[in-house]
1. Condition test on Ser272, is it of a type in the set (Gly, Ala, Ser), at pLDDT below 90, within 13 Å of Ile95 (Cα to Cα) and surrounded by fewer than 18 Cβ atoms within 10 Å (Cβ to Cβ)?
2. Which members of the stretch 110-154 meet the condition of being in contact with a strand residue (DSSP E or B) (Cβ under 7 Å, 6 or more places away or on another chain), part of a helix (DSSP H, G or I), of a type outside the set (Val, Ile, Thr) and closer than 29 Å to Pro233 by Cα?
3. Show the residue pairs that are 6+ apart or on different chains and have beta-carbon atoms under 9 Å apart, the first residue being within the stretch 109-129 and touching a residue at least 40 places away in the same chain (Cβ under 8 Å), the second being hydroxyl-bearing (Ser, Thr, Tyr) and surrounded by 15 or more Cβ atoms within 10 Å (Cβ to Cβ).
4. Looking at Gly195, Gly189, Gly175, Gly221, can you tell me which residue is in contact with a strand residue (DSSP E or B) (Cβ under 8 Å, 6 or more places away or on another chain), of a type outside the set (D, E, K, R), surrounded by fewer than 19 Cβ atoms within 10 Å (Cβ to Cβ) and more than 30 Å from Glu123 (Cα to Cα)?
5. I need every pair where a residue in the stretch 161-185 that is under 18 Å from Pro235 (Cβ atoms) has its Cβ under 6 Å from the Cβ of a residue that is part of a loop (DSSP other than H, G, I, E, B) and of a type in the set (A, V, I, L, M, F, W, C), sequence separation at least 6 or different chains.
6. Name the one entry in Thr289, Thr192, Thr240 that is over 29 Å from Leu326 (Cβ atoms), hydroxyl-bearing (Ser, Thr, Tyr) and either modelled with pLDDT under 95 or under 39 Å from the mean Cα position of the chain (by Cα) (or both).
7. Any idea which of (1) in contact with a strand residue (DSSP E or B) (Cβ under 7 Å, 6 or more places away or on another chain); (2) more than 29 Å from Ala260 (Cβ to Cβ) is the one Asp169 doesn't satisfy?
8. Do we have Tyr282 as surrounded by 17 or more Cβ atoms within 10 Å (Cβ to Cβ), among the hydroxyl-bearing types (Ser, Thr, Tyr) and within 21 Å of the chain's Cα centre (by Cα) here?
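The values are calculated or read from the model by the stated rules, or taken from the named source; none is laboratory data. Everything numeric here is computed off the predicted structure, so don't read it as measured data. With ideal geometry, Cβ positions are generated from the backbone for all residues, glycine too; neighbour counts draw on all protein chains shown.
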Amino acid sequence: MQRFRLVTLLVAFVLLATACGPAPDRTATETPTPSPTRTRRVTATPTPRKRRPAGSGTPKPTRTPRATKTANPLFTKTFTPLPTKTPRIVNMTLIRVAVLPNLDSLPLFVAKSQKLFEARALEVIIRPAETAAERDALFQNGEVDGMITDLLSVILANQDGAKLRVVGDASRASGNAPRYYILASKKSGITTLAGLKGAGIGLQTGSVDEFIAASILHDQGLALDEIVALSIPAPEDRVTLLASGQLEAALLPEPLASQAVEQGAVVIADDSGYPNLGRSVYAFDRRFTDEGSEALREFLAAIEEAVQQINANPDKFRATIKNRGLLPPSLAETYELSVYLPIGIPGQDEWEALMVWAKSAGIASVNVPYRVSVLPDFIP
């Protein structure tokens, strides 16, 4: 028993000595594995916040603008913007009109320059003609759809069928604004209608001139055969011949009549008491009146608006008158424009009186019915 205790103590002593001895040297046989290095998170020390007065609100943080990149010029493409176009009304209706260089056509030129036609989807082409014969030829050759003309020209155009139709007035006389004058040369000594007996009067024979002169003379107790009708178609030539005394008397339309008076001609009579004698009208091809009825209504509505603008401020359109040669140069700045009347339509009595005279004078041979030649349906 004692021996067992002794052995047990001895074993315990040996184990104790082993545990307290030096650790074996492992550097020669074993390379130590380094421990992973940990990165410490550094926490910034917060800056103490300054107190703001009450009600001042929290200011928004200021954003630093981002730097603009500079484009490489070698790879930069310049784009030129396309030019903008003025919108144009589509489906424009074309209307071609022949006119003489006188004030009857002023509303037409004003309606075009003020874009009154364009606003109504109309493209109007104005074809100036120097003489009535040139104007009529433009129509006969199909180069225009209509023209400003007189009633007698319509009657003559329709002798073999209704080719030309009146749709409205271009101009007519009024009490304060005559359109035609019978004038005497200051060298003739004639001052009254009675003094015209046996005298020569210059006019365009076989035209509305002859009808106007015959009507005025008849109402004053004179017949056309009591004077000598001299055919001088160009009214400008009549002005010159009156001034020189080579012509005793003449029938002249305005404004050439005013020019002749400035040169000394004496006024014998005018058509102020006969407002329908010297009426000028818009007349169009029959085909156009059949197919373009709505366009013609818009056309006349634009003319009516132009008339209102002219009457409201005549001087505004002096440049148009001058540029288009609608007045002689000597009158372009001083001539006082007459008030343009609202668009009307010739009456049947007026038409038939002219028809009777044309047949009696041998100018027309066929009676042309009023209803197929004058259409009141387009008046605005």
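1. no
2. Of everything in the stretch 110-154, those that are in contact with a strand residue (DSSP E or B) (Cβ under 7 Å, 6 or more places away or on another chain), part of a helix (DSSP H, G or I), of a type outside the set (Val, Ile, Thr) and closer than 29 Å to Pro233 by Cα turn out to be Arg135, Leu138, Phe139, Leu151.
3. The qualifying pairs are Phe109/Thr320; Val110/Thr320; Ser113/Thr320; Arg120/Thr93; Ala121/Thr93; Leu122/Thr93; Pro128/Ser105.
4. Checking each option against the conditions leaves just Gly195.
5. Pairs that qualify, where the first residue is under 18 Å from Pro235 (Cβ atoms) and the partner is part of a loop (DSSP other than H, G, I, E, B) and of a type in the set (A, V, I, L, M, F, W, C), are Arg179/Ala173; Leu183/Ala265; Ala184/Ile190.
6. Thr192 is the lone residue from the list that is over 29 Å from Leu326 (Cβ atoms), hydroxyl-bearing (Ser, Thr, Tyr) and either modelled with pLDDT under 95 or under 39 Å from the mean Cα position of the chain (by Cα) (or both).
7. Just one mismatch for Asp169, condition (2).
8. Yes: the conditions hold for Tyr282.
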